[in-house]
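Down below is the structure, laid out as structure tokens.
The values are calculated or read from the model by the stated rules, or taken from the named source; none is laboratory data. Model, not experiment: these values are computed from the prediction. In this analysis, Cβ positions are derived from the backbone assuming ideal geometry, glycine residues included, and neighbour counts consider all displayed protein chains. Heavy atoms of the whole protein, side chains included, go into the accessibility calculation; ligands, DNA and RNA do not. Shrake-Rupley method; radii C 1.70, N 1.55, O 1.52, S 1.80 Å.
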Amino acid sequence: MTLVLVAAFVVLMVLAIPVGHALVIAGAAAVLWDGGLPLMMVAQQMFDQTQSFPMLALPFFMLAGSLMMGGRLGQELLNFASEGMKRWRGGELSTTVVASVAFGGVSGSAVANASALGAVLIPWQKTRGYPAGLAAANNATSSVIDILIPPSIPMILYALVSGVSVADLFVAGIVPGLLMAGGFVAVCWYIARRRGYRPSSDPVDRKMMLRLAISSAPAIALPILILLGLRFGFATPTEMAVLSVIYSLLLSVFLYRDLSWARFRESMVEAGIATGVVMLVIMGSAVIGWLLTFDQIPVRFAEWVNATIDNKLLIILVLNLLMLVIGMPLDLPPAILLLGPIFVPLAAAIGLDPVQLGLIMIINLGIGLYTPPIGTTLFISAAIARCSLAKTTRELWPFFAVAMAVLLAVSYFPALTIY
């Protein structure tokens, strides 16, 4: 049954069927092929997966991010990052990195980050003399920092399939996210120095910097408030997501006074569409996960790996290679939902902490977002920059090297993710 399942899914992906639909159809095909299971099980597994209170955190975090990024607050954050960085060598490029860290505490989605920041920063960087391919590569890679800074949608999805605490994952992502951001800033500085790009000579307007720091402080404070609320048991992840929406609404209505009914409706529609897409993938993945468990694939896989490789370090390396390869053609949410149930038992068998595994998985699959042939943030950034994928890919390698270094550090140094 598993062979039919995998074959059907691969064929549907080759035919460019949306991932959510491909998962459901492949699951139904496997059930029909087996003949011993009722087809109603597909619908039941899909429905059961939606009856989860923690799942409500997804739409509310998405709505909070849309409300904050679409208004004046998002622009103030962007202005603060650009004003603070443009006087450094390579500072225009580093603005994308710093802004990704700031927006990571708001949106939780790498794709949304790539679109929102790229549309503003890539044209600006091109006018400052940076090649389109370099600006696109910088945006494609930096936007993935978003999924390591809380609140993170992929972390919520991993918590769903692994049973790990969302709060633990949020805290564990901070150090790797900051390490990756620091590495990318160093790459921007090195490239600018090597190619002779000079920083802006405009004098520092201290009053403007102070005003921007004050006006963008509420957005920077949001991830801190979320972490404190979760860490000290003030609220559950779902309750914190609802509070984030209320927080965003209060800021937009009373502080920035830029929330119109049209923008509120647009944010609701945007969050609803994004939630619908993710929910369909979650429902389809639930069917696949149940069928794989029914066939005892996770247990068999763990036993086979343990019997074949007797070294924990080599097993972690093999897991990394598998996730890197799978992350190239498969988008991040379905990859987490499909691989999580398979890899979690293996991690338990070799003594790998599930929180550390979650960060390894998210970084791996995040790298897949800008790795050819199907890199979502890569395509988005290249399209915004009006640059070919070949030129953008050539500029990726220094950023890719930093991301791989962070991945290896997280894989083999548990202290970076376990507190």
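A few remarks follow.
- Any hit, the range 100-108, residues being modelled with pLDDT under 90, aromatic (Phe, Trp, Tyr) and buried (at least 24 other Cβ atoms within 10 Å of the Cβ): yes
- Some residue of the range 71-78 being of a type in the set (D, E, K, R), more than 30 Å from SER115 (Cα to Cα) and touching a residue at least 12 places away in the same chain (Cβ under 8 Å): no
- The residue that is farthest from ALA286 (Cα to Cα), among those in the range 32-57 that are in contact with a helix residue (DSSP H, G or I) (Cβ under 6 Å, 6 or more places away or on another chain) and crowded, with 17+ Cβ neighbours inside 10 Å, is ALA57.
- Index of the failed condition, VAL111 passing every other in (1) under 30 Å from LEU222 (Cβ atoms); (2) open to solvent by less than 30 Å² (accessible area, probe 1.4 Å): (2)
- Top-ranked residue of the range 1-50 - restricted to ones that are assigned to a loop (DSSP other than H, G, I, E, B) and under 24 Å from the mean Cα position of the chain (by Cα), ranked as farthest from ALA159 (Cα to Cα): ALA16
- Hits in the range 118-149 (condition: crowded, with 21+ Cβ neighbours inside 10 Å and in a loop (DSSP other than H, G, I, E, B)): TYR130, ILE149
- If you go through the range 19-34 and keep only what is touching a residue at least 60 places away in the same chain (Cβ under 8 Å) and of a type outside the set (A, V, I, L, M), you end up with GLY20, HIS21, GLY27.
- The residues of the range 325-366 that are among the hydrophobic types (A, V, I, L, M, F, W, C), at pLDDT 85 or above and in contact with a Ser or Thr (Cβ under 8 Å, 6 or more places away or on another chain), listed by number, are VAL344, VAL355, LEU357, LEU359, ILE360, ILE362.
- Identity of the residue in the range 150-166, surrounded by 24 or more Cβ atoms within 10 Å (Cβ to Cβ) and touching a Gly at 6+ places or on another chain (Cβ under 7 Å), that ends up farthest from VAL187 (Cα to Cα): TYR158
- Top-ranked residue of the range 254-293 - restricted to ones that are assigned to a helix (DSSP H, G or I) and of a type in the set (S, T, N, Q), ranked as most open to solvent (accessible area, probe 1.4 Å): THR293
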